[in-house]
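Working notes for the structure below.
The values are calculated or read from the model by the stated rules, or taken from the named source; none is laboratory data. Not measured: the values here are computed from a predicted model. Every residue, glycine among them, receives a Cβ derived from its backbone with ideal geometry; neighbour counts consider all protein chains shown. We work out accessible area using only protein heavy atoms, side chains counted, and drop any ligands, DNA or RNA first. Shrake-Rupley method; radii C 1.70, N 1.55, O 1.52, S 1.80 Å.
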There are 2 protein chains.
Amino acid sequence: MSGDGESLWAGLVVIGDEVLSGRTQDVHVSWFARHLGERGIRLGEVRVIRDDPGEIGAAVEALRFRYAYVFTTGGIGPTHDDRTIDAIGAALGVAVVEDELILSAFRERFGELTAERRRMSRILEGGRSVPCSLATAPAICWGNIYILAGFPRVAREQLRAVLPELRRGAVVLSESRSLMLGESRIAGPLSELSGRHPGVEIGSYPMEPEAGVYETVVVFRSVSEDLLRAAVGEFDGLQLG
Amino acid sequence: MSGDGESLWAGLVVIGDEVLSGRTQDVHVSWFARHLGERGIRLGEVRVIRDDPGEIGAAVEALRFRYAYVFTTGGIGPTHDDRTIDAIGAALGVAVVEDELILSAFRERFGELTAERRRMSRILEGGRSVPCSLATAPAICWGNIYILAGFPRVAREQLRAVLPELRRGAVVLSESRSLMLGESRIAGPLSELSGRHPGVEIGSYPMEPEAGVYETVVVFRSVSEDLLRAAVGEFDGLQLG
């Protein structure tokens, strides 16, 4: 737990026709949520959008002013449907340029560079590449925008490389309680409890009822251990059911 | 295949702090994509947002003018963190009212109604409830907005009930080819092919490389079987590698 007592917030833009078509199951969201969370950065919003320059530009533009950081995944390969960098450049009014760092890493590894490799060495003018453990796949940063790969394994390595340079926020602590009751039975007392503990987010998550057996998980979240403990303690003392 | 030759587009708003916190893996997106797709309705955008009235209202307002349909999942239970209906009502400037259809179904099943049941009988004024196979969990409709449950099983039954009343669009047909080549090797020819077939979306999806073995899946999508066949046929005739 660290930071100035408040969490930072981030937005995530998942660029992927293949997710929207139902062909591929997204696996970025939960991974980003957990790893950013460990640094006190909460995911405030995710947009899954098409591989379309206008959509990509609009989503990044909308989120970069609302959140401390914006991450994008996908659309940075060498093929015609990889449009992320050009789209963000156009939305920002910033030129797309080749990055010396990436070019020299590519040259070292591949020798003479093909048009495709040159294409993959591009960043946004005024931005930079962030080297990661996968030498030929740096993340691309411009301001508070981080442009990452669509491959889960590559995106994760890139996020690992980026994390140390992000500001730290207050880590959200959480505690949960499971009750063998339907949500309706606890709605009233939970609402009152929530009103008395404004520094604690209290979520009620009913489980799939099985053969008439009901279960509800109540999750408490706060950046303050004291506030969290007070709310959970009061909840534990309630006579429910 | 049916409709007027064009697909319809829908937006999906997943309301869920539990998805954004990484606690829960979203399973709505791929299911909605596939089942809407069978009716010729494509998912154009998904927003995963917090259980926050302002966020919920803003997302629905943004999407309802852009897409033929907007679906929301989550936040319609009886507890204090279930804010979807009030939030959408406030954004639309529409009152929240009790629905006679839901009230009478509840009375038949539960007798005298608790405050929680009354709360769960609410819809938006001028809208309606759409009965589904789960008698006590109708979908809620207002204009082109469909408000569904967060529970996957319930949301799926609700969507099944709603599907027959949605307009039909042209179903997207797809075909794919797998090549044991990296993306860079096919980027050039694929880009030219894509330029010659504007009625066909051609996506290139590299697979995770394993021990130096590369594979790329090329997916062709079109509402026209003829255009699809022409593009795939030309691709099959290319000398790649």
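Worth a mention:
- Any hit, the range A:61-73, residues being assigned to a helix (DSSP H, G or I), at the interface with another protein chain (Cβ under 7 Å from one of its Cβ atoms) and open to solvent by less than 10 Å² (accessible area, probe 1.4 Å): no
- A residue that is within 11 Å of chain A (Cβ to nearest Cβ), modelled with pLDDT of 95 or more and surrounded by fewer than 17 Cβ atoms within 10 Å (Cβ to Cβ) can be found somewhere in the range B:175-184.
- Residue in the range A:143-153 that is under 24 Å from the mean Cα position of the chain (by Cα) and within 25 Å of B:Thr114 (Cα to Cα) present: no
- Only one entry in A:Ala139, A:Ala161 is surrounded by fewer than 20 Cβ atoms within 10 Å (Cβ to Cβ), among the small types (Gly, Ala, Ser), free of Cβ contacts under 8 Å to residues at least 60 places away in the same chain and assigned by TED's automatic domain parsing to the domain that holds A:Arg34, namely A:Ala161.
- Residue list for the range B:24-37, filter: farther than 12 Å from B:Leu159 by Cα and more than 7 Å from chain A (Cβ to nearest Cβ): B:Thr24, B:Val27
- Within the range A:210-241, being open to solvent by less than 40 Å² (accessible area, probe 1.4 Å) and within 12 Å of another protein chain (Cβ to nearest Cβ) holds for A:Thr216, A:Val217, A:Val218, A:Val219, A:Phe220, A:Arg221.
- A single member of A:Ser178, A:Ser204, A:Ser184, A:Ser129 is within 25 Å of A:Val27 (Cα to Cα) and outside the structural domain of A:Glu18 (by TED's automatic domain parsing), and it is A:Ser204.
- If the condition is being surrounded by fewer than 19 Cβ atoms within 10 Å (Cβ to Cβ), among the aliphatic types (A, V, I, L, M) and not in a loop (DSSP other than H, G, I, E, B), then the range A:92-123 contributes A:Val96, A:Val97, A:Leu101, A:Leu103, A:Ala105, A:Ala115.
- Subset of the range B:21-53 [within 20 Å of A:Val13 (Cβ to Cβ), assigned to a helix (DSSP H, G or I) and either of a type in the set (A, V, I, L, M, F, W, C) or open to solvent by 50 Å² or more (accessible area, probe 1.4 Å) (or both)]: B:Val29, B:Phe32, B:Ala33
- Test: residue in the range A:166-186 that is out of contact with any Asp or Glu (no Cβ under 8 Å at 6 or more places or on another chain), touching a residue at least 60 places away in the same chain (Cβ under 8 Å) and of a type in the set (D, E, K, R): yes
- Residues satisfying the criterion are absent from the range B:225-237 (criterion: among the aromatic types (Phe, Trp, Tyr) and under 24 Å from B:Trp31 (Cα atoms)).
- When every residue of the range B:109-118 is checked against the conditions, at least one turns out to be in contact with a strand residue (DSSP E or B) (Cβ under 9 Å, 6 or more places away or on another chain) and either within 25 Å of B:Leu8 (Cβ to Cβ) or modelled with pLDDT under 95 (or both).
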